[in-house]
Amino acid sequence: MTIKKEMILINRCKKIILSMLLGSLLVAFTGCDGSPKSTVTILGGKENIKYATLNSDQKAALSDQTASPFSFAFEEEKPSDIQYLKNGEEISIDFGSNPPDTLSISDGLLDANGDYLYTSKEITDVPYVTKKGVYSFKLDTHIASYLSSHYEKDKKEFRGFIINAIWEKQEKKYAFAIQSNAL
């Protein structure tokens, strides 16, 4: 091999090594901190339910009556367009290949603006089951539905759910709203 060919080969190797180093630095500086990245799919029956990932300001304001984590559902659509599910239908939450270490789900009744109807005392914890990494629960009548003294046959109500998912290094909250039977 001639000296000229050796120099060309050395320069190519330097370029490859430099490209690999720059690629590694790019990955390091774009936020790869080892935190779990998750995508979540929420299904009501067999249809996707729209949800929002809450930011830290919304997390702090969950019990504050003036700040609604469900406003996204009521701003984007007419309230009557929010997905309707019958009591007894199943809601499932799938985090794909990255299920959280712990999970909690809360349920509260909402008004037509997406605000909680009642105080935090009437926001209930939702029991769920886990099968093959998918969390699910049956939609039951909310206990606060019985607070109204005016019975209306086939009355629908808005309900807001908060999912609190916790991994070792990260916590995320998701909110979604549906319509269901009042009783």
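Could you work out the relative contact order of region 91-183? I mean the mean sequence separation of Cα pairs under 8 Å and 6+ apart, divided by the number of residues, in percent.
Contact order relative to length: 34 percent.
If the viscosity is 0.890 mPa s and the temperature 25 °C, what translational diffusion coefficient in µm²/s does Stokes-Einstein give for region 80-183 when Rh comes from Kirkwood over Cα pairs?
This corresponds to a translational diffusion coefficient of 167 µm²/s.
Can you list residues from other chains, or at least 5 along the same chain, whose modelled amide H is less than 5 Å from the amide H of TRP167?
Long-range HN contacts for TRP167: ASP101, LYS172.
To the nearest 20 Debye, how big is the dipole of region 86-160 about its Cα centre, given +1 on the beta carbon of each Lys and Arg and -1 on that of each Asp and Glu?
My answer is approximately 200 debye.
List every residue whose amide H lies under 5 Å from the amide H of ASN87, counting only residues 5 or more places away in sequence or on a different chain, with H placed 1.01 Å from N in the peptide plane.
Amide H to amide H, under 5 Å and 5 or more residues apart or across chains, ASN87 pairs with ASN181.
Taking the Cβ of ILE143 as the center, what net charge do the other residues with Cβ under 10 Å away carry, scoring Lys and Arg +1 and Asp and Glu -1?
-3
Since every read-out is calculated from the coordinates, none of them should be taken as a lab result. Keep in mind that what you see is a predicted model, and the values were worked out from it rather than measured. Cβ atoms come from the backbone with ideal geometry, glycine included; neighbour counts cover every protein chain shown.
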